[in-house]
Each structure stands twice: as structure tokens, then as C-alpha cells.
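Structure record follows, encoded as C-alpha cells.
FYI, it's all coordinate maths here, none of it is from the lab. Everything quoted here is computed from the prediction, not taken from an experiment. Cβ: placed from backbone, ideal geometry, glycine included. Neighbour counts: every protein chain shown.
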Amino acid sequence: MEEVHKNRLANVALILSCLGLLLSVLTAIPALICGIVALVNISQSDGKLLGKGVAITAIVISSLLILFFPIHLLLIMVMVVEATAVLPYIYTLF
């Protein structure tokens, strides 16, 4: 009987994609790459590697983060513009 191992790269991809929730695209792109590589490795292993669901989850999370990054960036830009518009009025209070 052959030994079955968990794919560590799938776990790394999931960790990076979860960190992407905090760090945005900085870790989401490497997570997507690691997830795809892990999924390919798992499918080519003939059942010797586990972690297909973990790799797919990492791919989905990181893809969504990358997809929504422009919207997130736009919201941040709008917030900065609004904050700078309000600053002169705040200074008059003090």
C-alpha cells in the first residue's frame, strides 16, 4: 500500500489567501499561483497527495480578492478625497 500525503503547497496557498484578506493583492497573487500549482500536483499524483479542496478554496479566495481589488482601491481613493475635503472644517473647530 502506498503512502498518502497532504500537499503542503495547498496549505501554503490557503494561508496566503487568508492573509490576502488583510494584505490584499500582496499575498493573493502568490496564493493563486501556489493554489494552481498545488492543484496540478495533486491531480498528477494519482491519489498519492491530498488537499484538492484546500487548493480549490485558496484559488477561489485569492481570485475573488484579485477581482475585487480595483473596487477596494477605488473606495479607498474616495475616502481619502472625502477626508481631505473635511479637514479644513475640522481645523476650524480647534
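Some points to look at:
- Cα pair count fraction exceeding 17 Å, expressed as % - segment 5-68: 30 percent
- In the chain, the calculated helix contribution to ellipticity at 222 nm averages -29500 deg cm²/dmol per residue, counting -39,500 (n - 2.57) for every DSSP H run with n ≥ 4.
- In this structure, residue 21 and residue 86 have a Cβ-Cβ separation that, at R0 = 25 Å, corresponds to a calculated FRET efficiency of about 0.30.
- FRET efficiency, 1/(1 + (r/R0)^6) with R0 30 Å, evaluated for residue 67 and residue 11 via beta carbons: 0.85
- The chain: angle of helix 8-23 to the longest principal axis, Cα-based, in degrees nearest 10: 10 degrees
- Most fluctuating residue given options 21, 75, 50, as computed from a GNM of the chain linking Cα atoms under 10 Å: 75
- Take the Cα of residue 79, go 7 Å toward its beta carbon, and the backbone nitrogen atoms of segment 57-73 under 11 Å from that spot belong to 72-73.
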